[in-house]
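Below: the structure, in structure tokens.
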Amino acid sequence: MKQDFIFGPMGVLALTSFAVLAQVPVRRFQAGLTGDSRFGDSSSVPHHVSVPNRDYTSLLELPTLFYAASLMFFVTKKVDAIAIGIAWVYVALRVVHSVIHLTYNRVSHRIVPFAVSNFVLMAYWAWFFIA
């Protein structure tokens, strides 16, 4: 297995983070143009304006463990089909979570991919030490 295959899921998750980050100023400027000048992170900021900020923050928390583990797989030359499969499942779940969060944002729907992604991340780390 080519070791650099691990960079595919890493790149997609990074791209997702950048796409969510781009939503922060877009939604804030849109709110400002419609006369809603409540900017910042206070509780008075409209929900649809603050959601991208919260999603972006989420993409900077546990995914750091994904990036670290991915680099560990690469550096130690342990990238195999199972690691690649787990990595893509993790990224897909995080993308689904972000899409739900940024669109209709039903917590009962987005909690499932978020929670499952955490267990997948644990399995990713476990696989590193097993492999």
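The values are calculated or read from the model by the stated rules, or taken from the named source; none is laboratory data. For clarity, every value in this text was computed on a predicted model and none was experimentally measured. FYI the Cβ positions are ideal-geometry reconstructions off the backbone, even for glycines, and counts take in every protein chain you see.
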Count of residues meeting criterion [within 21 Å of Ala22 (Cβ to Cβ) and loosely packed, with under 15 Cβ neighbours inside 10 Å] in segment 63-98: 2
Candidates Val91, Val49, filtered to the one that is part of a helix (DSSP H, G or I), touching a helix residue (DSSP H, G or I) at 6+ places or on another chain (Cβ under 6 Å) and modelled with pLDDT under 95: Val49
Find the residue count for segment 101-112, including only residues that are surrounded by fewer than 20 Cβ atoms within 10 Å (Cβ to Cβ), out of contact with any Asp or Glu (no Cβ under 7 Å at 6 or more places or on another chain) and part of a helix (DSSP H, G or I). 5
(1) farther than 16 Å from Phe7 by Cβ; (2) modelled with pLDDT of 95 or more: which one isn't true of Gly85, the others all being true? (1)
Suppose the filter is part of a helix (DSSP H, G or I) and in contact with a His (Cβ under 9 Å, 6 or more places away or on another chain); does Ser98 pass it? no
Complete set of residues in segment 1-46 that are at pLDDT 95 or above and farther than 22 Å from Arg110 by Cβ: Lys2, Gln3, Asp4, Phe5, Ile6, Phe7, Gly8, Met10, Gly11
Out of segment 52-83, which residues are in a loop (DSSP other than H, G, I, E, B) and either of a type in the set (A, V, I, L, M, F, W, C) or under 20 Å from the mean Cα position of the chain (by Cα) (or both)? Leu60, Glu61, Leu62, Val79
A careful count of residues in segment 103-120 that are in contact with a helix residue (DSSP H, G or I) (Cβ under 6 Å, 6 or more places away or on another chain) and closer than 20 Å to Val12 by Cβ gives 6
Counting only residues that are within 15 Å of the chain's Cα centre (by Cα) and surrounded by 15 or more Cβ atoms within 10 Å (Cβ to Cβ), which one in segment 119-131 is nearest to Thr64 (Cα to Cα)? Leu121
